[in-house]
Amino acid sequence: MAPVGSEINNLCDSSLRIRLFNFSLKLLSCFLYIVRVLLDDPTQGLGCKELNRSCSNQNYTPGTIDWSPIIWVNRSLPLWGLQVSVAVISLFETLLLSYLSYKGNIWEQILRIPFLLEIINAVPFIITIFWPVLRNLFIPVFLNCWLAKHALENMINDLHRAIQRTQSAMFNQVLILISTLLCLIFTCICGIQHLERAGNRLTLFDSLYFCIVTFSTVGFGDVTPKIWPSKLLVVIMICVALVVLPIQFEQLAYLWMERQKSGGNYSRYRAQTEKHVVLCVSSLKIDLLMDFLNEFYAHPRLQDYYVVILCPTEMDAQVRRVLQIPMWSQRVIYLQGSALKDQDLLRAKMDNAEACFILSSRCEVDRTAADHQTILRAWAVKDFAPNCPLYVQILKPENKFHIKFADHVVCEEEFKYAMLALNCICPATSTLITLLVHTSRGHTAPWEAFRQLTGTKQTLNRESQQSPEQWQKMYGRCSGNEVYHINLEESTFFAEYEGKSFTYASFHAHKKFGVCLIGVRKEDNKNILLNPGPRYIMSSTDICFYINITKEENSAFKKQEKHRKNHESKLSYHGASRLPVHSIIASMGTVAIDLQDTGCRGASGATLALPAQGGREGRRPSIAPVLEVADSSSLPTCDLLSDQSEDETTPSDEEGSAGFEYAKGYPPYSPYIGSSPTFCHLLHEKVPFCCLRLDKGCQHNYYEDAKAYGFKNKLIIVAAETAGNGLYNFIVPLRAYYRPKKELNPIVLLLDNPPDMHFLDAICWFPMVYYMVGSIDNLDDLLRCGVTFAANMVVVDKESTMSAEEDYMADAKTIVNVQTLFRLFSSLSIITELTHPANMRFMQFRAKDCYSLALSKLEKKEREKGSNLAFMFRLPFAAGRVFSISMLDTLLYQSFVKDYMISITRLLLGLDTTPGSGFLCSMKITEEDLWIRTYARLYQKLCSSTGDIPIGVYRTESQKLTTSESQISISVEDWEDTKDTKEQFSCRGNHRNSTSSDQSDHPLLRRKSMQWARRLSRRAPRHSAKTAEKINQQRMNLYRRSERQELAELVKNRMKHLGLSPAGYDEMNDHQNTLSYILINPSPDTRLELNDIVYLIRPDPLTYVPNAGPSRKNSFCNTVGQDTREETQL
């Protein structure tokens, strides 16, 4: 193949040289013509004297034309010799090329326009050699400009072939248009000048002036042709221009439009001098584009990067409008093309790109086919640009091993199911992870905007006094926390803790700077360790990973002089209810943080306990200090490898007879290649497939519903369309070895389609995992699978509904089904996955809720400000009840700057288990734990006792109703008088009044009933006012509760029909009057509240083996020690 290629290159080079020589000859002939015109004097008439001696004596009369200046010219002998030489060479070259290209039809060669023009311009010069009297005959040599144009076009084509460059149709068309216009003008100039030798005797400049004025349609009229031949030439040239130029412009406009669709090229010069990344997608939607751009350009060091989008489809109208905004038009370049074509990858300059992001189309009906397209794109990019870093998004986990070569991979179903599983045991894990992986610009609480929307007149108190929207201030401030990294020896936060234990460094860094140290990575190891425990000693070369509002490099620490003077009083207390603090201010961007005192304390004292007042009251319980270096006595007493209670170590007769004894080990079968092995609770023998069916009995058991099994713990129900391999990642975190056996929840898979045998083979080793074929559309299926005994109901987005004619309608069926569940089973905790995050505003929708309407307006304001998480203040998202996998797209984008984010997220979700790395869990604050009082003391208690690192708090607040639903104490007249006031207050009130009695589900029915009661009270005598009030109260309660009673009766009747006991159905247990939110890395002085759930990163129990003796009892830790331990089976 090499000799053939070299031969083709030699032919192209030879052809290019011939074209270039021909082009030069034509330009030379035109130049000689201009020289002849400049040297010629039309008054001499040399040729006329030689042929017709009387022509010089002819007198010019008006109306007649002297043709002699037109036919004859003054051509000097040297100039004639040059022109004859050029003509002979041109004619010989033309004949030779015509002979070489002869294909059997001589007339086809002769009648070609270039050949005819060559004959007209060259043959007369050759004739003058043999007939010297014709040496001054006029020959239209200026027509050689058209031959030069033809040669230029052929030369450009040969040039592209010679340099192995893809021919640009746009460049060729522009060249043709410009050369055509120049040839028309040059022909017109020379023709008018020559014909006017018999008229106005115009110079070349006058002729140029006339042509430009005429072709530009200005037409001053100061220079005009005088004789009819020149006028006829002008008419002909204008007609030719009107025909030829529009055709050329139309072709150019068509090519320009096509180029706008395809995007043209990203120039090689820009690729070498500027940095750019390439985004490869199957179809570009506006949401995907804005998520990528907002997250990518949120980092300051990426402001000078360019984004080249390579997409095979044409840009839609919405994307086009966005890319026309100056903010993006200067940064984003859209190229229509395929990543499987080297030409398109060359247009995007993939070999010079800093990174390539390849995203899958999750809205495809066939998600496997979408993954196959992604795999081919990744292979094509790797083949074309092996050194370009690849960031790939894949949908199904079984396809992940095909792209193991990529630098960073995010598998959607892996992350989705693991996150939904953790949501069931660590509430709102999805919201926690989403906030951590988004680049925040500091979502400080938008209190003023919300106060204006709701009409609240309370002012914001800077001393954190209770305000109606206190939760928004705290939640918004804490949502700005992100994960950062820094080298320990270069850090102000952690440099002083070199040689000390990890828990000591984490606690004191949080105490002093408000940062939460969550993990480290050794210099010689690529694995990240989350909370390696108190035995880990910090080294100067360690990379520290911490959670904070901003990274340390953007922080400036200032210590006020007046507090330096008080440095000696380190142990003093400023009041009975305050912690000992300096006012050391850390100015972090726009956030100011009070830094805690870091003075040395006695090892024997209660470091955070307050002293007794006057010595007359007993001391509060003290907290042990966090030791710099852990010893055997400071190790946690909670052994997570063993059973978590004495009840487990000594199983009951019922459990023993049923054979519910679990082992710990690695699952023997994985449904797909590439799953990370996880140490889990397993059965000694796999369960027969028939026993996995929940609703059908078999020869091994006769149970046909969840009630018959008599589970001790509440169920976790997963409603999915199919049992995909990703569903395996939902089960594994819930059966991990560090979950206490007594806390394992039964898992019921409610599937639309029966599972495959290989999936059943993977789950049959896990305890208490069942499946049932059914749908959440069917009430009977819900009741059979035990929805009345469920702690959580997880509704997974169905693949068949992810694509719709109207994009946002893809979630319509899921939303309506979840709303039905919400109305039927109000006490059920429902976790829903949606395709589009914008649809979360319809979750638990209440049309007349003023508070929800105010939140909707607030979301619009946040979106107008360009917020990356405009929906973060929506109650379902803040509470972790709704999730969209598209929220995690930013995880892949952020990995370009923080290459550790995917690894940290996988460790938090339990997808990866690195030896020595901790895991995410939670604990609940009970009444016995309220003596700890603050988050800082909780941090110290956990670090000193169990080695746990808290990273956040999940808080639930009740919406206290000012007026009870069951007791209304106002009279009808009072209600009428205060109606307007109450309506105004309901819109201005806080969120605690959002579900009060004046906002019931049926305001129209309530209004009619009140009008009826008012008319009744006016007709009745005054002595019956109390009776009318009671009747009115009963009727209002009846209207308000009739729908709930009707739904309750429906559910109970269906349960009776199915043979189920309705005793477990509590129709009036309503959890709608609560709101929940997350506080990520709250300030140390945050007060703990009852029922707070604290997120913990607990150290890996396998990193050390406790002594065999009985462990000490710890009332604070949920994992209590025990006398006997179960042997771990590996």
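Summary of computed values
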| read-out | value |
| --- | --- |
| Virtual spin-label span in nm between Glu274 and Val88, 7 Å along Cα→Cβ | 5.6 nm |
| Mean Cβ neighbour count within 10 Å, used as a protection proxy, ranking 143-149, 941-947, 181-187 highest first | 941-947, 143-149, 181-187 |
| Rounded D (µm²/s) - the range 670-801, Kirkwood Rh over Cα pairs, Stokes-Einstein at 10 °C, 1.306 mPa s | 106 µm²/s |
| Gained length - Asp342 relative to Val213, 0.36 nm times residue gap less alpha-carbon distance | 41.6 nm |
| Note, ³J(HN,Hα) from phi for the range 909-924, Karplus 6.51, -1.76, 1.60, rounded to Hz, x at Gly and Pro | 7, x, 6, 10, 10, 8, x, x, 9, x, 9, 8, 8, 8, 9, 9 |
| With all protein chains modelled, accessible area of Ile212 [1.4 Å, Å²] | 80 Å² |
| By average C-beta atoms within 10 angstrom, highest first, the peptides 421-434, 353-366, 311-324, 900-913 | 421-434, 900-913, 353-366, 311-324 |
| Per-residue ³J(HN,Hα) for the range 525-542, Karplus 6.51 cos²θ - 1.76 cosθ + 1.60, θ = phi - 60°, Hz, x for Gly and Pro | 9, 8, 7, 8, 10, 7, 6, x, x, x, 6, 7, 9, 5, 10, 5, 8, 5 |
| Square roots of five times the Cα gyration tensor eigenvalues for the range 484-547, Å | 16, 12, 11 |
| Extension gain from Asn554 to Thr313, taking 0.36 nm per residue of separation minus the Cα-Cα distance | 82.6 nm |
| Centre separation in Å (Cα based) which lies between the range 205-259 and the range 474-521 | 76 Å |
| Prolate/oblate/rounded label for the range 696-744 (Cα gyration tensor, a/c 1.5) | oblate |
| Cα lying deepest toward the dipole's positive end in the range 227-310, options Leu233, Leu255, Val243, charges on Cβ | Leu233 |
| Inter-site label distance for Asp366 and Asn753 at 7 Å from Cα along Cβ, in nm | 1.3 nm |
| Built amide H within the under 5 Å cut-off of Leu682, gap 5+ | Ala663, Lys664, Gly665 |
| Virtual spin-label span in nm between Asn487 and Ser24, 7 Å along Cα→Cβ | 6.0 nm |
| For Ala355, residues with placed amide H under 5 Å, excluding near neighbours | Val278 |
| For the range 476-492, Karplus couplings with θ = phi - 60° (6.51, -1.76, 1.60), whole Hz, Gly/Pro x | x, 5, 6, 6, x, 6, 9, 9, 10, 9, 6, 6, 4, 6, 9, 9, 7 |
| Most to least packed among 298-305, 171-178 [average Cβ atoms within 10 Å] | 171-178, 298-305 |
| Set of the range 110-129 residues, backbone N closer than 11 Å to the point 7 Å along the Cα-Cβ line of Leu95 | 123 |
| Isotropically averaged projected area of the range 222-366, using the convex hull of Cα atoms (one quarter of hull area), nm² | 14.3 nm² |
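The values are calculated or read from the model by the stated rules, or taken from the named source; none is laboratory data. The structure presented is a predicted model; accordingly, all values stated were derived computationally and were not measured. Here Cβ is always computed from backbone atoms with ideal geometry, including for glycine, and neighbour counts include all displayed protein chains. Each accessible area value is taken on the protein alone, full model and side chains, heavy atoms only, with ligands, DNA and RNA left out. Shrake-Rupley method; radii C 1.70, N 1.55, O 1.52, S 1.80 Å.
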